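Here the structure comes first, spelled out in C-alpha cells, and everything after it is commentary.
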Amino acid sequence: MHAPKPSVDASHPAPAPARTGALNLADEARKREVRTSWLLSAPALLVLVTAASGPLLIVLVYSFLAAGDYGGVVWSLSGEGWFKVFLSRDIFDDTVGIADAHLTIFWRSVRLSMLTTLICIALGFPTAWFIATRSRESRNVWLFLITIPFWTNLLIRTFAIMEVIRSEGIVNTVLMTAGVIERPIQMMYTDFAILLGMAYVYLPLMVLPLYAAMERLDFRLIEAAYDLYASRWRVLRRIVVPLVKPGLIAGSILVFIPSLGAYVTPRVLGGGKNMMLGNLIELQFGQGRNWPLGAALSLTLLVIVMVALIFYVRIVQKEAASRE
Amino acid sequence: MSERASFDIRRMPGFVAIALATFLVLYAPIVTLVIYSFNAGMSVALWEGFSWRWYEAAMHNQQIQDAAVRSVIVASFASVFATVLATMAALGTTRVRPFRGQTTIYALINQPLMVPEIVTGVALLIVFATVKQATGYSGLGYLILAHTAFCIPFAYLPIRARLEGLDRSLETAAADLYATPWRAFRRVTLPLMMPGIVAGAMLAFVISLDDVVITEFVKSAGQDTLPTYMLGQLRRAVTPEINAISTVLLFISVAIVSAFFVLNRKKA
Amino acid sequence: MTESEISIRVSGVTKTFGEGASAFHALSDVSVDIRKNEFFTLLGPSGCGKTTLLRLIAGFDHPTSGRIELDGEDISQLAPFQRPVNTVFQSYALFPHMTVAQNIGFGLEMLDRPKAEVAATVAQMLSLVRMEALADRRTDQISGGQQQRVALARALAPHPKVLLLDEPLSALDYKLRKDMQIELKRLQSETGITFVFVTHDQEEALTMSDRIAVMNQGTILQIGSPREIYDRPEQRFVADFIGDSNFLEAELLTGGASGRLRLGSGHEIEASVPEGMTAPRRVSVSIRPEHAALTSGAEDAALTGTLKEIVYFGTDTHYHVALGSGGSFIVRRQNSRGVTETLEPGAAVGISLGPRSVQVLRD
Ligand SMILES: Nc1ncnc2c1ncn2[C@@H]1O[C@H](COP(=O)(O)OP(=O)(O)OP(=O)(O)O)[C@@H](O)[C@H]1O
Ligand SMILES: [Mg+2]
C-alpha cells in the first residue's frame, strides 16, 4: 500500500523498540513448551526403553556372540548364530548345506500366514460388507460383536477351537455318535489345525479395516455402475474391490504380521512337530539352548515384520493423502 | 411400484449367508466352552447336567488361586503405572506444535504394538536373566515392568484421542479466569480427560490380564499367571477346570470391554 | 485525552506467525489507545487480525514486537492468569463439566476469594444476566443465547478492568442478537468496565460503540466515533466496508479541513479533506448514495448522466446513473407514501450533492 499512514491516534508516543525482548518471550515460551513435552514423555520412554526397545538392541548384540554350552552366551564375536539361520554344518565332515529344518519352518510360517490371510479375506470381506450395509444403529451392534472376540484372551479362543477339533472334541464325538465315522479324525497337531486357529483368532483384524473402507464407500458409484449395465459380480470386481483396496491391504497386513509371529496358536494346536517361527525361536532358549541362533532368528522375524509394516504405513499414508 | 420389486444395490450374492456363518463360527466355540464349563461330566462333548463342580474345583486348586492373585496383582500395578505414564506422555505429545524428536517419541510408544510378542519376550528373557543373576531379585517386579511397557500404547491411544478432541479454548478460558497452569490442569483438563484415562486403564488391564507370551518368557519359576498356568496345563491333560477359568476370564474381559464401549459412546 | 483516562495502550505491536519464507504478519505496527469505561469496537473483515489483537491483550500470545500497557504499566511479562482482563470467547468456552453457577464462580474461586463472597457475586451475576432459574443446569443443557449470557457473567464476575469480547453475538439468530446488543450496552454502563468488542458486522459496530477501529490486513485504518467513521471515511476500504459509497476521481484545488474540489464534470464543490493533505493534486472521493439527490434538469447539478435502472427496496429506492463524465453513480432516496415514481430509465438526470457530502480519501 502506498497510501500515507493515517495518524491513528495523535496522542500516543512513538512505539517503543521492544522487538528483541518480545521476540525472546515468544521463543522462550516455545522452548518451555518443547521441554515440558520431553519431561512429560520421559517416564514412559524410560520404561519403554528398559523393557521394550532397549532389550531389542541386546538381542542384536547376542546374535553376534558364541553360544554357551548350557544356554546363555560366551562373550566372543561369532557369526555362527546368523550362519545357522539358513545354513547347517554337517556334524561329521563339516560340509556346509542348507538348513532344511529351518527352511521348512520358515516356509510353513509364510505359507500358513498367507493362507490365513486368504481365509480371512474370504470370510471377512462378506462380513464387513454385511455390517457396512446394515442400518446405522444395528451396524454398531454387529461391529461390537466383531470386536468382542478381538479383545478376549487369545489363549482362550485357541483353547475353544481345540475343544472343537480334538479327538474327544465336539466334532469327532458328534460324528462318531451319528455313526458317520468310526474312529476320530485326527485334526489336532496338523497344519490344518494351526490354520483354522489362526484364521479364527485374527479374523476381526481383517473385518475392522475392511469395514472402515466400506463404510466410506459412496453407494452412488454402485448405482451408476448398475445403471451402466454391470452385473452384481462385475460391480463387485470392478467397483467395490478397487475402492476398498486400501482397507483390504491394511487388513491383510494386520492379519499377516501376527500370524507370522504367532506362538500360542501353533504351540497349542500344532504340537511339537508342526512348528512355526515363533516356536522355533522359543526352542533356542529352551532345550536347544542356542541363544545366538535364537537371537538371529528373532531379528529375522522382526525384519520381515518391519518390511510388511513399512509397506502398510506407505499405503495408509497414500490413502490419507488421496482423501484430502 | 411394489417395494419388493425394487433392486437392492447393497445386496451381493451369498454375502449375508457367509457373514452370518462367520459370526456363528466366531461365537460357537466360545459359547460351547462357556456352556461346558457348567457340565457335570468330564467330557466336552457329552452334556451330563448343570453343575458348578469345575468352578469349585478351580477355586480350591491352590495353584489356580495363586495364579489368579498374581494375575490381578500384575494387571493392577501394570495398568495403573501404564495409565499414569501414558497420560503424562499424551499431555506431552498432543496439542503441541511439531517439534524435533516427536516422531521418535511416537515410534517408541507404539513400538510394542509393532514388534512380535515372541521377539519382545525373548529380548526380555535375555536381559532379565542377566539382571536376575546380578541382583538376586526375582520377584514380580520384572513382570510388572514388562507388562507396564506393553500396556503403555494401549492406554496411550484412547487418552490421546480424548485429549485431541478437547477444546483448547477451555484451558485458555481457565487461564483467563486467573487459574494458574496447575490449577487449570486440575480443575479443567484432568476432569475432561477422565473418560479417556478410564478407558485407557481398562484396556491396559485387559491386555495385561490376557498376556501369555511375554509373561511366559519373563516369569521366574513358580510365577505363573492364569494364562501361563492354562498354557502349561494344556500341554498335559485337559481338564474342565480350564473351561471354568476361561469362562471367568472371558466374562471379565467382555465386561470391561463393554464398559469401554459405553464410555466411548458417551463421549461421541 | 490525558494519560489517566487511558485503559489499554497498544504501541507499535507487530505479530508474526511462522518464520522465514512462510512468515505471516497478522498484525503490522498496530497502535491504539483505549479509554477507560469506553465501549471500543474492532471492526474488520475475517482474517484481518482482530482475534490476534485480543489474544495479545489477554496474554494468550506474545507480540513479536511492540508493547502493551494497562493503566500505564507494561503487562507483556504477565501470564494471562495474572492480568486483570477477562475474555468472552467466540465459542463461549464454557466448562462442560460444571454447572452455570460453577462456571460463573470459577474466576473468583481461582482468585481465592472467600466462599461467601463467591456465592454472593455469583448470585448477583446470575441476576444481572437474568439466569437465576438455570443456576444449577449443566452448560450443555442450555440454549445458545443462555450460554452467551453465562459466558458474559463468567467474564464479568471477577470485575476485570477490561472485558474483551470476541464476536460474542455471531452465533445468535437475528432477533436474539438485537436483544443481546441492548443488554451488552446496559451491562457496560452498569458495570463501568472498559469493553473491547470484536465484530465484523458494521451495523452492530455502529449502533453499540463509543469508538470504532476499522482494521484490514493487520493494520488499523481509522479510529473514530461511529459518526466520524461513517460520515468521514478517510480511506477507500473504510468507505467501502461500512455502508455503500460512490467513488469518483477529482482534482483537489485547495487543502485544509474543508477544501475545494473540481469534479470530473467540471463542477466545483466543497469537500472534507483528511488532515495534512496538500493541494493541488488528483484524489479519489467518496459520496454516500443518500447524500446525493436527483434533479430532473441538468442546470446547477454537480453531476449529469443518464438514468439506467431503478431498483425498489421497500424502505428506499436506488437510482443507477451512468455519468456523462464516465463511471456510474448510485443515488438513494427514501420512499414515502403518496410519492409516485415519475422517472423512467433512459431519462437525462442531474445529481445534486448536499453540503459536506463529499469526502476526500487518502488512497
Ligand atoms: N496461530 C497462528 N498461526 C498462523 N497464522 C495465524 C495464527 N493465528 C492467526 N493466524 C492468521 O492471522 C490472521 C489473523 O487472524 P485472526 O484470527 O486475528 O483474524 P480475525 O480478524 O479474528 O478473523 P475472524 O473475523 O475470521 O475471526 C489470519 O490470516 C490467520 O490465518
Ligand atoms: Mg476472530
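The values are calculated or read from the model by the stated rules, or taken from the named source; none is laboratory data. All figures in this text were calculated on a predicted structure; none of them were measured in a lab. Neighbour counts are summed over all protein chains in view; Cβ atoms, including those assigned to glycine, are modelled from backbone coordinates with ideal geometry. Heavy atoms of the whole protein, side chains included, go into the accessibility calculation; ligands, DNA and RNA do not. Shrake-Rupley method; radii C 1.70, N 1.55, O 1.52, S 1.80 Å.
Observations
- Applying the criterion of being within 12 Å of another protein chain (Cβ to nearest Cβ) and closer than 23 Å to C:Gln181 by Cα to the residues of segment C:13-39, the residue that is nearest to ligand 1 (Cβ to nearest atom) is C:Ile34.
Yes/no matrix, rows are residues, columns are (1) more than 10 Å from every other protein chain (Cβ to nearest Cβ); (2) open to solvent by 20 Å² or more (accessible area, probe 1.4 Å):
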{"site": "B:Val16", "(1), (2)": "no, yes"}
{"site": "B:Leu20", "(1), (2)": "no, yes"}
{"site": "B:His60", "(1), (2)": "yes, yes"}
{"site": "B:Asp66", "(1), (2)": "yes, yes"}
{"site": "B:Val69", "(1), (2)": "yes, yes"}
{"site": "B:Thr87", "(1), (2)": "no, no"}
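- Scanning segment C:163-198 for residues that are within 14 Å of chain B (Cβ to nearest Cβ), surrounded by 18 or more Cβ atoms within 10 Å (Cβ to Cβ) and within 16 Å of ligand 2 (Cβ to nearest atom) turns up C:Leu164, C:Leu165, C:Asp166, C:Glu167, C:Pro168, C:Val196.
- C:Ala301 vs. criteria touching a strand residue (DSSP E or B) at 6+ places or on another chain (Cβ under 7 Å), closer than 30 Å to C:Gly12 by Cβ and outside any strand (DSSP E or B): no
- Condition check for B:Leu108: assigned to a helix (DSSP H, G or I) and open to solvent by less than 20 Å² (accessible area, probe 1.4 Å): no
- Segment C:212-226 residues that are among the β-branched types (Val, Ile, Thr), paired with ones that are within 16 Å of ligand 1 (Cβ to nearest atom) and open to solvent by 30 Å² or more (accessible area, probe 1.4 Å) (beta carbon under 7 Å, 6 or more apart): C:Val214/C:Phe241; C:Thr219/C:Ser28
- Residues of segment A:131-153 satisfying the condition of being open to solvent by 50 Å² or more (accessible area, probe 1.4 Å) and more than 7 Å from chain B (Cβ to nearest Cβ): A:Arg134, A:Ser135, A:Arg136, A:Glu137, A:Asn140, A:Val141, A:Trp142, A:Phe150
- Unique match (being free of Cβ contacts under 8 Å to residues at least 12 places away in the same chain, more than 12 Å from chain A (Cβ to nearest Cβ) and open to solvent by less than 10 Å² (accessible area, probe 1.4 Å)) among B:Ala199, B:Ala179: B:Ala179
- Test: residue in segment C:134-156 that is of a type in the set (Gly, Ala, Ser), open to solvent by 50 Å² or more (accessible area, probe 1.4 Å) and more than 16 Å from ligand 2 (Cβ to nearest atom): yes
- Residue count for segment A:62-73, restricted to those that are open to solvent by 70 Å² or more (accessible area, probe 1.4 Å) and either farther than 16 Å from A:Glu282 by Cα or without any contact (Cβ under 8 Å) to a residue 60 or more places away in the chain (or both): 2
- Options C:Gly44, C:Gly20; residue that is farther than 21 Å from B:Ala175 by Cβ, out of contact with any strand residue (DSSP E or B) (no Cβ under 7 Å at 6 or more places or on another chain) and not charged (D, E, K, R): C:Gly20
- A:Arg157 meets the stated requirement of being of a type in the set (D, E, K, R) and facing another protein chain (nearest Cβ under 8 Å).
- Which listed residue, of C:Asp71, C:Asp112, C:Asp140, is within 13 Å of chain B (Cβ to nearest Cβ), more than 16 Å from ligand 1 (Cβ to nearest atom) and in contact (Cβ under 8 Å) with a residue 24 or more places away in the chain: C:Asp140
- Candidate set: segment B:35-46, residues that are hydrophobic (A, V, I, L, M, F, W, C) and surrounded by fewer than 16 Cβ atoms within 10 Å (Cβ to Cβ); chosen: the one farthest from B:Asn243 (Cα to Cα): B:Leu46
- Any hit, segment A:44-55, residues being more than 25 Å from the chain's Cα centre (by Cα) and at the interface with chain B (Cβ under 7 Å from one of its Cβ atoms): no
Every residue, every condition in (1) more than 24 Å from the chain's Cα centre (by Cα); (2) within 21 Å of A:Ala26 (Cβ to Cβ); (3) modelled with pLDDT under 90; (4) of a type in the set (Asp, Glu), yes or no:
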residue	(1), (2), (3), (4)
C:Arg35	no, no, no, no
C:Ser46	no, no, no, no
C:Thr52	no, yes, no, no
C:Arg55	no, yes, no, no
C:Gln90	no, no, yes, no
C:Met98	yes, no, no, no
C:Ala101	yes, no, no, no
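- Hey, C:Lys161 modelled with pLDDT of 90 or more and within 27 Å of the chain's Cα centre (by Cα) or not: yes
- Considering segment A:172-199, and only residues there that are assigned to a helix (DSSP H, G or I) and over 27 Å from B:Thr228 (Cα atoms), the residue that is nearest to the chain's Cα centre (by Cα) turns out to be A:Asn172.
- Strands (runs of 3 or more DSSP E) contained entirely in segment C:8-99, each with at least 2 residues that are within 16 Å of ligand 2 (Cβ to nearest atom): C:24-35, C:39-43, C:85-88
- Each residue in segment B:143-169 was checked for being within 14 Å of chain C (Cβ to nearest Cβ) and open to solvent by less than 10 Å² (accessible area, probe 1.4 Å), and 0 pass.
- Put simply, of C:Ala250, C:Ala279, C:Ala239 the only residue that is touching a strand residue (DSSP E or B) at 6+ places or on another chain (Cβ under 6 Å), under 20 Å from C:Leu353 (Cα atoms) and either away from every other protein chain (no Cβ under 14 Å) or within 16 Å of ligand 2 (Cβ to nearest atom) (or both) is C:Ala250.
- Meets criteria (at pLDDT 85 or above and among the hydroxyl-bearing types (Ser, Thr, Tyr)) for A:Thr152: no
Condition check ((1) open to solvent by less than 40 Å² (accessible area, probe 1.4 Å); (2) farther than 30 Å from A:Leu254 by Cα; (3) more than 9 Å from chain B (Cβ to nearest Cβ)) across all residues:
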{"position": "A:Met162", "(1), (2), (3)": "yes, no, no"}
{"position": "A:Val174", "(1), (2), (3)": "no, yes, no"}
{"position": "A:Thr177", "(1), (2), (3)": "no, yes, no"}
{"position": "A:Pro184", "(1), (2), (3)": "no, yes, yes"}
{"position": "A:Met187", "(1), (2), (3)": "yes, no, yes"}
{"position": "A:Met206", "(1), (2), (3)": "yes, no, yes"}
{"position": "A:Met214", "(1), (2), (3)": "yes, no, yes"}
{"position": "A:Val235", "(1), (2), (3)": "yes, no, no"}
{"position": "A:Val241", "(1), (2), (3)": "no, no, yes"}
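- All positions within segment C:68-101 that are among the hydroxyl-bearing types (Ser, Thr, Tyr) and under 20 Å from C:Val10 (Cβ atoms): C:Ser76, C:Thr87
The rows are residues; the columns are (1) at pLDDT 75 or above; (2) open to solvent by 60 Å² or more (accessible area, probe 1.4 Å).
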residue: A:Phe92; (1), (2): no, yes
residue: A:Val96; (1), (2): yes, yes
residue: A:Phe106; (1), (2): yes, no
residue: A:Leu112; (1), (2): yes, no
residue: A:Gly124; (1), (2): yes, no
residue: A:Ala128; (1), (2): yes, no
